[in-house]
Each structure stands twice: as C-alpha cells, then as structure tokens.
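Notes to accompany the following structure.
The values are calculated or read from the model by the stated rules, or taken from the named source; none is laboratory data. Predicted model only: the values in this text are computed from it and were never measured. Cβ: placed from backbone, ideal geometry, glycine included. Neighbour counts: every protein chain shown. Heads up: the accessible areas ignore ligands, DNA and RNA and are worked out on the full protein's heavy atoms, side chains in. Shrake-Rupley method; radii C 1.70, N 1.55, O 1.52, S 1.80 Å.
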Amino acid sequence: MEVEAFQRLDPENFYRRFVKNGVRPDGRELRAVRPISVDVGVLSEERVQASALVGLGSTKVLAGISLQVGHPSENTPMCGMLDVEVKLTPLSSSKFSSGRPSEQAHVLSTFVKNSIVESGALVLTDLAIDDGAFAWKLCMDIVCLSFDGNLADATLIAAMGALMRLQLPGTRRIDDEIFVTEDTPTQLVVREVPVPLTCGVFDGIIIADPSLLEEELLTTHVTVVSTSEGKVCGVHKPGGSCASGKQLNECLQLCQQHAKQLTQTLAAAVRIQS
Amino acid sequence: MEETRRDGRRANQIRPLAAEQGILNRADGSARFVQGNTSVLAAVYGPAPAKSLRMERSEGATLDVSFKPESGITSSADAESEALLRRSLEEVVLRSRYPRTVVSVIIQVIVDDGAVLSAALNAATMALLNAGVEMTGMALSVTCCITATVSGRSVLLDPCKAEEIDAAATAVVATLSAGGGVLSCHAVGSMSQEEYFACCEAASLGTTAVRSFVRLSAEQKVNREAETVR
C-alpha cells in the first residue's frame, strides 16, 4: 500500500509503526520538542505596550498586552487585574469558526491566567498605582495565527514573553485623575517564569509536544507548568486514559528539563529587544 | 497533639458525605451530592436522539455537559470546569453502546463551600448511575490543597472555601478505581514536586472513601426499590 493511503486509512497503525521504532512521522524523537522561536516586541509599542510572537514548529501564536487604568474593586483592594482572552480564528485552522469563543478558547484563557497569577509570576498588588487608589488592568489578547497542535504551550510561552517585556508607564495624579506620562517607565516585576510542556500518551508511551496529527491519536494528554527551579505551577490532565504515578512523574521531569532551556530562550529574547 | 483545621477536622479527613438520588421527576436520572456545606445537583437526560446533526456521531453517544455556577453568568473558568467534567465522563460512559444519541448532563452548583469541581463530578457520576447509563467505572474525585502555616506546609484534604482561598496550591484529582492511576487532574498554584505527589496520594485515598460511599448509597437505593416492588 502506498504510504499516503496507509496514513489516511489507518492513521493509528501508521503512527504505531513509527513510535515502535522510537521516531515520529515528522522525524522527531519521542521526547523532542519542536523548535521554539520567541520574538518580543513585534508590534508597535505605541499602541500595544508589549507583544510576543512565538513559533512552536508551525504553530504560531501572537500575544499582546495593552494597559488600562481603573479602580481596584472593593473585594480586592490594592490589586490590579489581568484579563486574558485567547482567540482561535478561522485564519489559523478550518477547525475554528468565527463568532463566540469556543470551549477550547475559554479553557486556554483560564489556563494562561491561572498559570500566571496562581503561580505568583505576576503579583496583582504590583499593579497598584498611587497607593492603591488606582490600578493597572492588563488586557492580554492572544491570537493563534497558525495551528499545528499544542496550543497550550504556545499560548503560555507567548503570554510570558509579552509579560516579561512589559513596562508600566509613569503616571501623574492631578486631583482625582491619573495621567499617563511618557517618561520613566518601570519594568514590571515578573517573579517566576512558569513554562509549560504538554505530553501525550500513546500505547503507554510518553510523547512530548504533540503536533496536530498526533493530538487526535493520543489517548490522553498532560500539561505540566513548572519553573526552571523545579517548582510545579500546574498539572492539567482533562480525562482520557488513566495515567499512572510513574507516567505523571516522567511528565514532570520532562517539563523541568525543558523549563531550564526555555526560560533561557525567553530571557534572551527579552534581552535582545531591550 | 495533632493539629486540627478550622472546622475541627484532621488534615486527611474529608467532610461528611450525603447524597440523594432520583430527586427530579422529569430527568432520566438525577442526584444531589453533598460534601459538608458544598452541595451540587446533577441531572441526566438521555440517551436521546440528537437534536442537531452536529451532535450526532455514528460511532457513539455524544456527551453534552453543562456546568452552572452557584450564581452569576458562566465565566471562562466555568467553561474550563465544564470541559474537564465532559472529558472525564466521556472516558467512563460506554458511548459505543448508544450510537447517534446525546446524553445531556446538567450540573447545577447549589452551595459552593470549596471542592466544588470534585462534588460536581461525583454528582454527575451518581446521576448517570441513577439514569442507568452504562459505564466502565465510576469517575470520582476529591480536592486537596496545600496550605502554608507557621509550622510548615501541609496537605489538606477536601478544603472548604476559606481554606481554598488561603491555599498556596489546589489540586483536583479524579480516579476510576483504587490504584488505577489518575483519570483527571487539575492542579494550580505553586508547589514542589513532592507536594504534588503527596496531593495525588492523599486524593487517591480520599476517592476510595467516596467510592465506598457512592457504592453503598446506590446499593441501598436498589434494595429499597426491590422491597417496594415485593
């Protein structure tokens, strides 16, 4: 049978033959991550305060942060806000439709927000202006430009790239209003750098960074978020086949190894721009 | 002396469980799952013919899960919970037994006093049991949190709302059977690897208790019904 026909008719066995031999159809090893590119400050910083374009193989994601000034809510005094919205448009894949955000988009938005806020990477009280009478609201928009699997990783890396680039402009208070000034921007303090790694399981074998083709064949996937110091900031496994403790441990180890390299890539990208 | 929590529980103790089954007239199956003050109601409709072609799959039933929070409109976080619940249930419902149908699961939070996602999954599983939908196992869950106290960090099983707010990290863990690995996991916060595995361990033990409880209450219900028929 021709190779292409085999892949179409029986993708599972097609893939199994590769995995048995320790390689994947795109030539990667089982635990190899696709090449990651991070470009920071790709959008005009007059309009968008910080931006990052991340490529994970042919998955491409653009994140931008714009700033607004508001009053902290009464429940959370002194705290600013982070609003994350992931947009999956038909531009990137025919799987997505325009209109209301899909479930997947909501899941990714919450994932990115939780990973940044709950891990302590961004402390919301750092966003207070003028002793908490006002606060910054970070509006983070993440747009998927090209979809080839593993959006969780691409969106969080892009979000972190933009966040590490963000400078908060200086402000001056006149009576009861805050004016944003051009001078003396301060660098936002990013206290941790949580980075993700998604692994999939196929026939009990762990596969890192699944592509679109692989995502449909995997029986489950686990997204681990951790820092380069080995802190675990998130483990997400929505259903699928059960994962043993050993498998989870392997995913955590892989993510921590990956985090060391990825935080350096991120830091380097931010340094080049500034 | 062992340290106790604000409600007098030990760290590895879950709150008292209670459940009611078949409490809704119109639904094919329903259950209310109560865990301390947290209370969640789940209803199951179906397997019924798909109303739209989009929902119809020739290879098996489609699960349509909706998760309604205690109050307010559904947020992105609720959508995430909904996705987790759906994917966990998809794994256990024997979908190939009901091709071209839709099984709707509606989960309404009545009182949210912590560990609400776990209670929602437990309620949904009980409602599916009550509806007689065939499953390969029971997807049951317990939440853990890691709290930093003066005497160090500790793992608290089944936290209440106040404990959840103070927690450094929370982990929702769902299992299918004792020792059978993790079906679903949703951990957020900041913790060490050891703490994460301690959470998984504690939650697995917790689900064992929930599992015996669910089995017992389902059995009791069946026995009671058998008595009335006689």
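Within the bounds of the range A:126-142, is there any residue that is over 30 Å from residue A:95 (Cβ atoms), part of a helix (DSSP H, G or I) and either touching a residue at least 12 places away in the same chain (Cβ under 8 Å) or among the basic types (Lys, Arg) (or both)? Yes.
Summed over the range A:66-106, residues that are closer than 16 Å to residue A:140 by Cβ and within 11 Å of chain B (Cβ to nearest Cβ) total 7. Of the strands (runs of 3 or more DSSP E) that lie entirely inside the range B:1-101, those containing 1 or more residues that are under 25 Å from residue A:114 (Cβ atoms) and of a type in the set (A, V, I, L, M) span B:38-49, B:62-68.
Can you tell me which of A:246, A:231 is among the basic types (Lys, Arg), more than 19 Å from the chain's Cα centre (by Cα), open to solvent by 40 Å² or more (accessible area, probe 1.4 Å) and facing chain B (nearest Cβ under 10 Å)? Just one listed residue meets the conditions, A:246.
Residue A:192 meets each of the listed conditions (1) within 14 Å of chain B (Cβ to nearest Cβ); (2) free of Cβ contacts under 8 Å to residues at least 24 places away in the same chain; (3) of a type in the set (Asp, Glu) apart from (2). Within the bounds of the range A:28-39, is there any residue that is farther than 22 Å from residue A:158 by Cβ, assigned to a loop (DSSP other than H, G, I, E, B) and either touching a residue at least 24 places away in the same chain (Cβ under 8 Å) or open to solvent by 60 Å² or more (accessible area, probe 1.4 Å) (or both)? Looking for residues that are farther than 22 Å from residue A:158 by Cβ, assigned to a loop (DSSP other than H, G, I, E, B) and either touching a residue at least 24 places away in the same chain (Cβ under 8 Å) or open to solvent by 60 Å² or more (accessible area, probe 1.4 Å) (or both), one finds at least one in the range A:28-39, hence yes. Taken together, B:219, B:163, B:195, B:227 contain a single residue that is touching a residue at least 12 places away in the same chain (Cβ under 8 Å), more than 13 Å from every other protein chain (Cβ to nearest Cβ) and acidic (Asp, Glu), which is B:163.
Residue A:60 falls short on exactly one of the conditions (1) in contact with a Ser or Thr (Cβ under 9 Å, 6 or more places away or on another chain); (2) open to solvent by 60 Å² or more (accessible area, probe 1.4 Å); (3) free of Cβ contacts under 8 Å to residues at least 60 places away in the same chain; (4) under 18 Å from residue A:208 (Cα atoms), and that condition is (3).
Could you tell me how many of the residues in the range B:85-115 are within 14 Å of chain A (Cβ to nearest Cβ) and open to solvent by 60 Å² or more (accessible area, probe 1.4 Å)?
Residues in the range B:85-115 being within 14 Å of chain A (Cβ to nearest Cβ) and open to solvent by 60 Å² or more (accessible area, probe 1.4 Å): 3 in total.
For residue A:212, indicate whether it is at pLDDT below 95, crowded, with 22+ Cβ neighbours inside 10 Å, more than 12 Å from every other protein chain (Cβ to nearest Cβ) and within 17 Å of the chain's Cα centre (by Cα). It is false that residue A:212 is at pLDDT below 95, crowded, with 22+ Cβ neighbours inside 10 Å, more than 12 Å from every other protein chain (Cβ to nearest Cβ) and within 17 Å of the chain's Cα centre (by Cα). Across the range B:35-46, the number of residues qualifying as surrounded by 18 or more Cβ atoms within 10 Å (Cβ to Cβ) and either within 30 Å of residue B:201 (Cβ to Cβ) or free of Cβ contacts under 8 Å to residues at least 40 places away in the same chain (or both) comes to 6. Number of residues in the range B:124-146 that are more than 15 Å from residue B:28 (Cβ to Cβ), aliphatic (A, V, I, L, M) and crowded, with 24+ Cβ neighbours inside 10 Å equals 3.
When B:173, B:222 are checked against the criterion of being modelled with pLDDT under 90, outside any loop (DSSP other than H, G, I, E, B) and of a type outside the set (Phe, Trp, Tyr), B:222 stands alone in meeting it. For a quick check of your reading of the model, give me the residue pairs whose first member lies in the range A:240-265 and is more than 17 Å from residue B:185 (Cα to Cα), whose second is open to solvent by less than 20 Å² (accessible area, probe 1.4 Å) and assigned to a helix (DSSP H, G or I), with beta-carbon atoms closer than 8 Å and at least 6 apart or on different chains. Going by the 8 Å Cβ cut-off, the qualifying pairs are A:262/A:157. The residue of the range A:90-108 that is surrounded by the fewest Cβ atoms within 10 Å (Cβ to Cβ), among those that are in a loop (DSSP other than H, G, I, E, B), in contact (Cβ under 8 Å) with a residue 40 or more places away in the chain and not charged (D, E, K, R), is A:91.
Only one residue in B:32, B:26 is at pLDDT 95 or above, closer than 19 Å to residue B:127 by Cβ and open to solvent by 40 Å² or more (accessible area, probe 1.4 Å). Which one? The match here is B:32.
Let's see how each residue does on (1) under 30 Å from residue A:207 (Cα atoms); (2) open to solvent by 10 Å² or more (accessible area, probe 1.4 Å):
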| residue | (1), (2) |
| --- | --- |
| A:119 | yes, no |
| A:123 | no, yes |
| A:130 | no, yes |
| A:135 | no, no |
| A:138 | no, no |
| A:143 | yes, yes |
| A:148 | yes, yes |
| A:154 | yes, no |
| A:157 | yes, no |
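Of the numbered criteria (1) within 14 Å of chain B (Cβ to nearest Cβ); (2) within 18 Å of residue A:164 (Cα to Cα); (3) touching an Asp or Glu at 6+ places or on another chain (Cβ under 8 Å), the one residue A:63 fails is (1). All of (1) closer than 30 Å to residue A:123 by Cβ; (2) open to solvent by 40 Å² or more (accessible area, probe 1.4 Å) hold for residue B:171 with one exception: (2). A count restricted to the range A:56-81 and to residues that are touching a helix residue (DSSP H, G or I) at 6+ places or on another chain (Cβ under 6 Å), closer than 18 Å to residue A:158 by Cβ and of a type outside the set (Val, Ile, Thr) stands at 2.
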